[in-house]
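A quick write-up on the structure given underneath.
The values are calculated or read from the model by the stated rules, or taken from the named source; none is laboratory data. Everything numeric here is computed off the predicted structure, so don't read it as measured data. Don't worry about glycine lacking a Cβ; one is built from the backbone with ideal geometry, like all the others, and counts go over all protein chains shown. Please note that ligands, DNA and RNA were not included when accessible areas were found on the heavy atoms of the full protein model with its side chains. Shrake-Rupley method; radii C 1.70, N 1.55, O 1.52, S 1.80 Å.
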Amino acid sequence: MSIFSHPAYDKHEQVAFCQDAKSGLKAIIAVHNTNLGPSLGGCRMWPYADDGEALNDVLRLSRGMTYKSAMAGLKLGGGKAVIIGDPRKEKTPELLRAMGDFINTLGGRYITAEDSGTSVADMHIIGERTQYVSGLIAESEHGGDPSPSTAYGVFVGLKAAVEHRWGKSDLSGLKVSLQGVGNVGFRLAKLLKDAGAELFVTDIFQDNIDRAVSELGATAVGADEIFDLDVDLFAPCALGAVLNDDTIARLKVGAVAGAANNQLTEMRHAAALGEKGILYAPDYVINAGGIIDVYYQQQGDYDPARVKAHIETIGSTMQEIFQRAAETGETTAHVADRIAEERFGHEDASKNIDPAAA
Ligand code: NAD
């Protein structure tokens, strides 16, 4: 397997591999770019089919973190870690401690946080061996969980989309469909409900749907029906690659603004949305509330009012993207990439790299 010519390599500064026979740890840390500060990104544990799949994932995710943090105005670079293994069967305190030792060898160039397959409790164990762990601050209002901040940031960005698309700041009567009412989606739904929006929700877990129906008066719809609704705005808050040839052809909305990562299956889908007159709020910009929260936790001076004010800058960033896209005729996704590259000093800021690969 070639590393330097890997399609997702994209000038990574450093990729480190670790195998610890005693604990069974097999892990990769990717540091994409540290121009703006130390790289920060979650530690994912996943039963990857092979090393190549793990490498591909960590490279794409770490690159995505560079763009996300740059757009959020944080003094952070992009990095990510993956542990190869099934978190339900193979995650032990010994393995997590070995991961802590591995992270420590990078001397602070990479700071870890929770991600799929790892929890705040796991971060505490990793933190026994390294100081380069975030998401541990109990005094943050929600014990380290970034989801409420992510939801708030999505709400702020969604309001900017409504303002740009329909020229109004009032959400009352706005019909919003939400795919996924989990940690972020449910909180976003509550903010929307409080602002007077009408909600249509789907999820793969019936209890999540029931909670949104009973607590927020949402209308439940089928998992596939969500794309065919006659509503104003679609908020994907479940999984990636949700915007594709099939779904875009079916969507009747005027805007897409939601929390899910990697919503565009390919970069060309940003253009397909634009051609249908659907305003797209770039995912890594609108869902940055969580990384902003984690950044302040890492700084060690967590002030909720300051965190909230920073998250609210997502609104002005989103307006800048929409404005530049309207002026240049480029897609909002391209414009976001370009602004991010200008901010972190990409060698060729005029060159766009497919964010669907991030
Ligand atoms: P979550 O697992 O709590 O919620 C996701 C919900 O989507 C679950 O309730 C799940 O049942 C549902 N779902 C999954 N597949 C579905 C499908 N096909 N149709 C309908 N519902 C489906 O996760 P979360 O923390 O709320 O994150 C949601 C999304 O936001 C993810 O894409 C995540 O990567 C992204 N995100 C989350 C954060 C954060 O702070 N949690 C930050 C940035 C981005």
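Structure above, values below:
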| item | result |
| --- | --- |
| Some residue of segment 63-78 being among the β-branched types (Val, Ile, Thr) and surrounded by 24 or more Cβ atoms within 10 Å (Cβ to Cβ) | yes |
| Residue match in segment 164-177 (condition: surrounded by 19 or more Cβ atoms within 10 Å (Cβ to Cβ), in contact (Cβ under 8 Å) with a residue 12 or more places away in the chain and part of a helix (DSSP H, G or I)) | yes |
| Top-ranked residue in segment 182-206 [being more than 21 Å from Trp166 (Cβ to Cβ) and more than 6 Å from the ligand (Cβ to nearest atom); ranked as most open to solvent (accessible area, probe 1.4 Å)] | Gln206 |
| Sole exception among (1) in contact with a Lys or Arg (Cβ under 6 Å, 6 or more places away or on another chain); (2) open to solvent by less than 10 Å² (accessible area, probe 1.4 Å) for Tyr284, by number | (2) |
| Boolean, Leu216 is open to solvent by less than 50 Å² (accessible area, probe 1.4 Å) and more than 16 Å from the ligand (Cβ to nearest atom) | no |
| Which numbered condition Val294 fails, given (1) under 22 Å from Lys159 (Cβ atoms); (2) within 14 Å of the ligand (Cβ to nearest atom); (3) outside the structural domain of Asn183 (by TED's automatic domain parsing) | (1) |
| Failed item in (1) open to solvent by 50 Å² or more (accessible area, probe 1.4 Å); (2) in contact with a strand residue (DSSP E or B) (Cβ under 7 Å, 6 or more places away or on another chain), with Gln299 passing the rest | (2) |
| Residue in segment 94-110 that is open to solvent by 40 Å² or more (accessible area, probe 1.4 Å) and assigned to a loop (DSSP other than H, G, I, E, B) present | yes |
| Qualifying residue in segment 271-287 (condition: modelled with pLDDT under 95 and under 15 Å from the mean Cα position of the chain (by Cα)) | no |
| Verdict on Asp230 being open to solvent by 20 Å² or more (accessible area, probe 1.4 Å) and in a loop (DSSP other than H, G, I, E, B) | yes |
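Quick grid of which residues meet (1) more than 25 Å from Lys193 (Cα to Cα); (2) touching a helix residue (DSSP H, G or I) at 6+ places or on another chain (Cβ under 7 Å); (3) modelled with pLDDT under 95; (4) part of a loop (DSSP other than H, G, I, E, B):
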site: Ala121; (1), (2), (3), (4): yes, no, yes, no
site: Ile125; (1), (2), (3), (4): yes, yes, no, no
site: Glu139; (1), (2), (3), (4): yes, no, yes, yes
site: Val156; (1), (2), (3), (4): no, yes, no, no
